[in-house]
Amino acid sequence: MPLVSMKEILLDAREKHYAIPLFDTPSVNAAIGTIRAAEALQAPVMLGMYNEWFDEPETRAICTGLMTLAEDASVPVSVMLDHGQDFQQCIKALRYGFTDVMFD
């Protein structure tokens, strides 16, 4: 299942009257568990990375893992920067392949 924008997921949820959780995932292990649970329920899910985790030395590696897991999932998955602190951080998330950013 390809990555999808949260807009796509949320429009379907609105139309069919269900909720979509966003789970902030600070590690690949957290993302694995989240996606496995979503797949078990055959439910779409949104993965987030909180802004304070985004500028850590291992961020690029974690983002690569998140994107790979999301791309390989059997359910729709979006990946979002949660509460981006500045324009540069948002652009970095988009360059890492995130489907969405929240800018505060």
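Some values worked out for this structure:
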{"read-out": "Estimated [θ] at 222 nm from DSSP helical runs (n ≥ 4, -39500 (n - 2.57)) normalised by residues in the chain, nearest 500", "value": "-15000 deg cm²/dmol"}
{"read-out": "Pairwise label distance in nanometres, Ala13 with Arg36, each label 7 Å out on the Cα-Cβ vector", "value": "2.3"}
{"read-out": "Tilt relative to the chain, helix 28-41 - C-alpha long axis, 0 to 90 degrees, to 10", "value": "10"}
{"read-out": "Accessible surface of the chain [probe 1.4 Å, protein heavy atoms]: carbon and sulfur percent", "value": "56"}
{"read-out": "Asp82 - accessible surface, heavy atoms, 1.4 Å probe, Å² rounded to 10", "value": "10"}
{"read-out": "Residue of Phe54, Phe87, Phe23 that the Gaussian network model of the chain assigns the largest fluctuation, springs spanning Cα pairs under 10 Å", "value": "Phe87"}
{"read-out": "Radius 13 Å from Cβ of Val75, net charge of other residues (Lys, Arg +1; Asp, Glu -1)", "value": "-4"}
{"read-out": "Whole-Hz couplings from phi, Karplus 6.51/-1.76/1.60, listed for region 81-87; x for Gly and Pro", "value": "6, 8, 6, x, 7, 8, 4"}
{"read-out": "Average accessible area per residue (Å²) across the chain - probe 1.4 Å, nucleic acids and ligands excluded", "value": "57"}
{"read-out": "Contact order normalised by residue count of the chain, Cα under 8 Å, 6+ apart, percent", "value": "33"}
{"read-out": "Amide proton proximity set for Gly84, modelled H, under 5 Å, gap of 5+", "value": "Met102, Phe103, Asp104"}
{"read-out": "Rounded accessible area of Tyr18 (nearest 10 Å², 1.4 Å probe)", "value": "80"}
{"read-out": "Amide H within-cut-off set for Gly48, under 5 Å, with H built and near neighbours excluded", "value": "Phe23, Asp24, Thr25, Met80"}
{"read-out": "Net dipole in debye of the chain [+1 Lys, Arg Cβ; -1 Asp, Glu Cβ; about Cα centre; nearest 20]", "value": "240"}
{"read-out": "Residue-count net charge about Phe103 - beta-carbon cut-off 14 Å; Lys, Arg +1, Asp, Glu -1", "value": "-3"}
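The values are calculated or read from the model by the stated rules, or taken from the named source; none is laboratory data. For clarity, every value in this text was computed on a predicted model and none was experimentally measured. No Cβ is skipped: glycine too gets one built from the backbone with ideal geometry, and neighbour counts run over all protein chains shown. When the accessible area is computed, the model is the full protein with side chains, heavy atoms only, and any ligands, DNA or RNA have been set aside. Shrake-Rupley method; radii C 1.70, N 1.55, O 1.52, S 1.80 Å.
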